[in-house]
1. Work out the FRET efficiency for Lys49 and Thr97 from their Cβ-Cβ distance, taking R0 = 35 Å, and round it to the nearest 0.05.
2. Going Cα to Cα from Lys60, which aspartates and glutamates come in below 20 Å? Please leave out same-chain ones fewer than 8 positions away.
3. Taking a virtual spin label 7 Å from the Cα of Ile89 along the C-beta vector, which residues in segment 97-113 bring their backbone nitrogen under 16 Å of it?
4. Run through segment 2-75 and list the GluC sites (Glu not before Pro) located in a DSSP loop whose Cβ has at most 16 other Cβ atoms within 10 Å.
5. At 0.36 nm per residue, and after removing the present C-alpha to C-alpha distance, how many nm does the segment from Ser106 to Gln15 gain when stretched out fully?
6. Per residue of segment 39-46, what does 6.51 cos²θ - 1.76 cosθ + 1.60 with θ = phi - 60° give for ³J(HN,Hα)? Whole Hz please, x for Gly and Pro, Karplus curve as stated.
7. Taking 0.36 nm per intervening residue step and subtracting the Cα-Cα distance, what contour gain separates Lys114 from Lys58 on full extension?
8. Distance check, please: which entries in Lys20/Lys87; Lys66/Lys142; Lys49/Lys125; Lys49/Lys113; Lys70/Lys142 exceed 22 angstrom between their Cα atoms?
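Rule-based calculations on the coordinates, nothing more; no lab input. Remember, it's a predicted structure, so these values are computed and weren't measured experimentally. Every residue, glycine among them, receives a Cβ derived from its backbone with ideal geometry; neighbour counts consider all protein chains shown.
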Amino acid sequence: MEWNTFLGFSQRLKQDGLVKDYLLLTIGCYFGLRASDILPLQWNQLLDKDEVIIIEKKTKKVRCIKINPKVQEALQWGKKELESGDKFISDGFIFATRFGGPPTISYVNKRLKKLCSRYNVRVAKASTHLMRKTFAQELWRKDGESERALVYLSDLFGHSSVSITRRYIGLQSEKFAEMYLSL
């Protein structure tokens with residue numbers, strides 16, 4: 001998903017009061033973590049903090065993530081909204097289900113698919129991975145679409161080569177499309 005599409009999508013979720021959906025999309029696209037690392041996040045890990053340290057479930061790598069001010073704004077808004085409905089628990093999961101625990105990745109994938117359809121957001125595949133890819137594509141673009149950015153992302157994601165990162169963020173398919181159109 002293009003960064004501007006993400007920004008517009010997230011604002012529409014916010015305007016419609018879909019607090020957890022808005023926070024999930026915002027945190028997911030700004031942190032670039034796997035859903036398995038995002039869904040168990042708790043309010044007290046992020047709220048009013050400058051950074052969060054996470055041990056990734058899949059790789060067991062320790063990641064220190066600086067919390068973007070836009071994420072803090074989103075968290076403050078979400079806290080206020082949930083407090084008004086008496087649903088905020090400071091040491092609870094940000095994305096808590098009605099049973100108190102985090103949602104499953106399967107549930108979130110279905111929810112994202114439904115939201116993309118409802119809000120007419122066109123993506124190749126609506127899933128939690130979309131947020132991680134959006135993060136990677138935007139970092140690559142912000143660094144001038146450089147090879148250096150691909151090296152950093154490759155290291156960050158634990159890819160064995162830059163070519164895997166290139167394919168992961170869809171650069172190979174873009175180049176092939178350009179080649180076909182150049183004929």
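1. With R0 = 35 Å, the Cβ-Cβ based efficiency is 0.90.
2. Asp37, Glu51, Asp155
3. Label zone hits: 97-104.
4. Answer in residue order: Glu2, Glu56.
5. Working it through step by step, the gained length comes to 30.2 nm.
6. Once θ is set to phi - 60°, the couplings for segment 39-46 become 4, x, 4, 10, 3, 5, 7, 10 Hz.
7. Full extension from Lys114 to Lys58 adds 17.5 nm.
8. Lys49/Lys125; Lys49/Lys113
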